[in-house]
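Peer 1: Next up is a structure, given as structure tokens.
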Amino acid sequence: MRCRFLLASAFFLLPVSAMALDNDEELRLNLPHGEVIIGINQVEGEGLVIHAGGDKELLMDSAYMPEVMTTYEDSVLLQLAMGGNACPATYVWLTYDGKDLRASKEFGTCLESGELKKTDGFPAFIMDDGDSASQQIRYDYDGKTIKETKLTR
């Protein structure tokens, strides 16, 4: 069972309407520029297919449907389940701005939990460093790229 996020109290950025249909077959997200639909890739038999705006499509690796962690403006932070024990979870920011549907590179330390920190822009995501108990890694997203910073406790 996947762990839930540790959210700072009262940390709600923007409401996002998400509804999962029977058997986790489809996830519908209502973002400011329109609906984004995430489903299992039935053609390939694995991974996810993401649709928005009628003609925008992305393919993404994941063994299961993603979990919505939070949203900010026209983006949503997703936890992807990789289906193994070595690296059970990674994270990705998915953005639909009405023109483009894009995903950040996958990021994370393979742990299933982290903490969101409020900033002036996108929230920062902080995770324990799986290689060092005395360090954490902070991931900042600017709408296009992920910046990784090591932190000492």
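The values are calculated or read from the model by the stated rules, or taken from the named source; none is laboratory data. A quick note: this is a predicted structure, and the numbers were derived from the prediction, not measured. Don't worry about glycine lacking a Cβ; one is built from the backbone with ideal geometry, like all the others, and counts go over all protein chains shown.
Peer 1: Scanning the stretch 61-98 for residues that are part of a strand (DSSP E or B) and among the small types (Gly, Ala, Ser), which turns out farthest from residue 147 (Cα to Cα)? Working first, answer last.
Peer 2: The first filter runs over the stretch 61-98 and keeps only residues part of a strand (DSSP E or B), leaving 67-72, 75-81, 89-96.
From the residues that got through so far, the ones that are among the small types (Gly, Ala, Ser) too are 75, 81, 89.
Values: 75: 16, 81: 22, 89: 19 Å.
The extreme case among them is 81.
Peer 1: Among the strands (runs of 3 or more DSSP E) confined wholly to the stretch 102-153, which include 2 or more residues that are more than 14 Å from the chain's Cα centre (by Cα)? Explain how you work it out, then say what you get.
Peer 2: Working: elements: 115-117, 124-129, 132-141, 146-152.
By residue number, 124-129, 132-141, 146-152.
Peer 1: Tally the residues that are of a type outside the set (Asp, Glu), in contact with a Ser or Thr (Cβ under 9 Å, 6 or more places away or on another chain), surrounded by fewer than 19 Cβ atoms within 10 Å (Cβ to Cβ) and under 13 Å from residue 77 (Cβ atoms), restricting the search to the stretch 91-123.
Peer 2: Number of matching residues: 2.
Peer 1: Do you know which of the residues in the stretch 41-60 that are charged (D, E, K, R) and not in a loop (DSSP other than H, G, I, E, B) is nearest to residue 92 (Cα to Cα)?
Peer 2: It comes out as 57.
Peer 1: Just give me the residues in the stretch 54-67 being within 18 Å of residue 97 (Cα to Cα) and at pLDDT 90 or above, in sequence order. Spell out how you get there, then give the answer.
Peer 2: Just the residues of the stretch 54-67 that are within 18 Å of residue 97 (Cα to Cα), to begin with: 54-59.
Residues satisfying the conditions are 55, 56, 57, 58, 59.
Peer 1: Restricting to the stretch 68-108, and then to whatever is among the small types (Gly, Ala, Ser) and at pLDDT 95 or above, can you tell me which residue is farthest from residue 142 (Cα to Cα)?
Peer 2: Keep residues of the stretch 68-108 that are among the small types (Gly, Ala, Ser), which gives 75, 81, 83-84, 86, 89, 98, 103-104, 108.
After this cut, where a residue has to be at pLDDT 95 or above as well, the list is 103-104.
Working: 103: 12, 104: 10 Å.
Among them, the one singled out is 103.
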